[in-house]
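Data first, discussion second: the structure below is written as structure tokens.
Derivation of every value follows stated rules applied to the coordinates shown; laboratory data play no part. All values derive from a computational prediction rather than experimental measurement. Cβ: placed from backbone, ideal geometry, glycine included. Neighbour counts: every protein chain shown.
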Amino acid sequence: MNGDVITRHELGEKVALAARQLKKQGTPLPAPEVLEKQMLERMISDMLQTQFAKDAGVRVEDAQLDLAINVLRSRIILLTWPASESNWKRMEWITKIP
């Protein structure tokens, strides 16, 4: 698509990563051909979205990306940290992040 290709090696790496993540979560793995098809569709979709964004002139500044990453990281901490009063007081500032 527009000169971009997805190699068998790249697909294999994505399938292996997805399989490891599913196993780690305790989620049953779909049949290998199903997982491969799903990953290929996702990779194609990602490539199409990236190309569309480039064509539309969409740009994300480093500062915007850093902020988004920090917000997500903070929210993950909130979801995974033991909920104790002392922890909530120490993490109070996170709730003020947009």
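Annotations for the structure displayed:
- For trypsin sites (Lys or Arg not before Pro), the sites in the range 29-69 that DSSP calls loop and that have at most 16 other Cβ atoms within 10 Å are R59.
- Under 13 Å, Cβ to Cβ, from A53 - net charge with Lys/Arg +1 and Asp/Glu -1: 0
- Rounded to whole numbers, the Karplus 3J(HN,Hα) couplings from phi for the range 38-44 are 4, 5, 4, 4, 5, 5, 5 Hz, using 6.51 cos²θ - 1.76 cosθ + 1.60 with θ = phi - 60°, and x at Gly and Pro.
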